[in-house]
């Protein structure tokens, strides 16, 4: 386990049980999402190229904005 993860878990360990469970749920959901994307893209690498091209087209057409404008 990395030092950063150990530090994060130590800090999470100081939170209430409900807060710990909430963070644990978020972590597990993120890991499951990453695994699902990985499986999909391994089965169909063309899909990643398609998504990337669509994103680039949207950017070229001015349909995107910098994140700092949105957040």
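Take segment 15-44 and flag every residue that is over 29 Å from residue 5 (Cα atoms) and surrounded by 10 or more Cβ atoms within 10 Å (Cβ to Cβ).
44
Any idea which of 41, 28, 4, 15 is modelled with pLDDT of 95 or more and touching a helix residue (DSSP H, G or I) at 6+ places or on another chain (Cβ under 8 Å)?
15
Quick check on residue 58: is it out of contact with any helix residue (DSSP H, G or I) (no Cβ under 8 Å at 6 or more places or on another chain), over 25 Å from residue 9 (Cα atoms) and free of Cβ contacts under 8 Å to residues at least 60 places away in the same chain?
yes
What are the residues in segment 45-71 that are exposed (fewer than 11 other Cβ atoms within 10 Å of the Cβ) and outside any helix (DSSP H, G or I), if any?
Passing the criteria: 61, 62, 63, 65, 66, 71.
Take residue 7 and tell me if it is assigned to a helix (DSSP H, G or I), on the phi < 0 side of the Ramachandran plot, surrounded by 10 or more Cβ atoms within 10 Å (Cβ to Cβ) and under 15 Å from the mean Cα position of the chain (by Cα).
No: the conditions fail for residue 7.
The values are calculated or read from the model by the stated rules, or taken from the named source; none is laboratory data. Treat the numbers as computed from the prediction; the structure is a model and nothing was measured. Reconstructed Cβ throughout: ideal geometry from the backbone, glycine too, with neighbour counts over all protein chains shown.
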